[in-house]
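The structure under discussion appears below in the form of structure tokens.
The values are calculated or read from the model by the stated rules, or taken from the named source; none is laboratory data. The shown structure was predicted, so the numbers you read here are calculated from the model rather than taken from an experiment. Quick reminder, even Gly has a Cβ in these numbers, built from the backbone with ideal geometry, and neighbours come from all protein chains shown. With ligands, DNA and RNA removed, areas are computed over all heavy atoms of the protein, side chains included. Shrake-Rupley method; radii C 1.70, N 1.55, O 1.52, S 1.80 Å.
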Amino acid sequence: MQDMTGKNITSGGLRERKKRATRAALAEAAVRLASEQGADNVTVEAISAAAGVSVRTFFNYFDSRDDAFVVIDADVGIRVRQALLDAPEALTPLEALREALAVELSEAERQHELWSLHAEVLRTSPHLLVRSLGAHMADEAGLAEVIAQRLAAGGATGDDAGVPPDDGHGSEPRPALDLYPRLLAAVAGTAVRVSVQHWCERQDELAFADVFREVFALLAAGLPAPAR
């Protein structure tokens with residue numbers, strides 16, 4: 001969920017929406033071609049042609065061919081972090097994060113095929129998997145930082161949500177990435193992964209939204225042992 005190229009496209013008007021659509025089309029084309037031919041056999045020219053754009057346009061969005069395989073939607077992390085900051089103060093950090101993620105995952109069922117293909121491409125291409133893991137780790141760190149910001153803004157107390165004192169030079173103190181923000185960011189990523197995996201195994205029985213909500217309900221309850 002992190003843009004490896006640094007060429008993030010934030011939300012905005014029609015022009016920005018068109019840019020996001022073009023980037024999404026390129027990423028989807030890359031994944032589908034890689035699932036058919038193997039990532040090493042897919043060229044920038046083939047990806048661009050499949051997405052209906054020029055090679056020059058491809059490099060407006062990606063610095064290299066491999067970047068197109070790493071994430072499907074590079075703006076998800078940006079949107080989740082902003083939604084978390086904008087969430088009502090009455091929500092706990094876990095609740096705010098749950099709602100922010102729920103919006104992004106609302107089309108999980110429609111995107112299931114593409115997600116599955118993407119996962120398979122990464123499994124069969126170790127170097128891409130490493131890049132993807134690096135992107136997710138960077139995204140997790142960014143999320144932890146925003147969680148810390150939200151805690152600080154809400155007047156949170158305690159070591160877990162601590163903010164370093166003013167350094168005496170007039171600079172604004174930055175939220176520390178202490179235990180709670182780091183843990184919540186990591187748990188959220190795991191919760192999404194487990195939700196997707198569990199739903200994929202039981203698609204005929206369960207709606208993804210129900211699985212996702214149940215996962216977060218269990219977290220909020222402190223993961224009590226199931227009744228026998």
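Just to check your reading of the model, which residue among Ser106, Ser48, Ser64 is open to solvent by less than 20 Å² (accessible area, probe 1.4 Å) and not hydrophobic (A, V, I, L, M, F, W, C)? Even if it seems obvious, please write down each step before you answer.
On the way: Ser106 fails: open to solvent by less than 20 Å² (accessible area, probe 1.4 Å); Ser64 fails: open to solvent by less than 20 Å² (accessible area, probe 1.4 Å).
Matching residue, one of Ser106, Ser48, Ser64: Ser48.
Being part of a helix (DSSP H, G or I), within 16 Å of Asp67 (Cβ to Cβ) and in contact (Cβ under 8 Å) with a residue 12 or more places away in the chain is the filter here, so list the residues in region 29-49 that pass it. If you could, list the steps in order and put the result at the bottom.
Taking region 29-49 and keeping what is part of a helix (DSSP H, G or I), we get 29-37, 39-41, 44-49.
If we keep only those that are within 16 Å of Asp67 (Cβ to Cβ) as well, we get 29-31, 33-34, 39-40, 44-48.
Those that are part of a helix (DSSP H, G or I), within 16 Å of Asp67 (Cβ to Cβ) and in contact (Cβ under 8 Å) with a residue 12 or more places away in the chain: Ala29, Ala30, Val31, Leu33, Ala34, Ala39, Asp40, Val44, Ala46, Ile47, Ser48.
For region 207-222, the set of residues classified as touching an Asp or Glu at 6+ places or on another chain (Cβ under 9 Å) and either surrounded by fewer than 18 Cβ atoms within 10 Å (Cβ to Cβ) or not in a helix (DSSP H, G or I) (or both) consists of Ala207, Ala209, Ala220, listed by residue number.
Please indicate, with yes or no, whether at least one residue in region 7-19 is surrounded by 13 or more Cβ atoms within 10 Å (Cβ to Cβ) and within 30 Å of Glu201 (Cβ to Cβ). No, region 7-19 contains no residue that is surrounded by 13 or more Cβ atoms within 10 Å (Cβ to Cβ) and within 30 Å of Glu201 (Cβ to Cβ). The set of residues in region 82-103 that are open to solvent by 60 Å² or more (accessible area, probe 1.4 Å) and under 24 Å from Arg23 (Cα atoms) comprises Gln82, Val103.
Scanning region 179-206 for residues that are closer than 16 Å to Trp115 by Cβ, part of a loop (DSSP other than H, G, I, E, B) and without any contact (Cβ under 8 Å) to a residue 40 or more places away in the chain turns up just one, Arg202. Checking Arg23, Arg79 one by one, the residue that is of a type in the set (D, E, K, R) and open to solvent by 50 Å² or more (accessible area, probe 1.4 Å) is Arg79 and no other.
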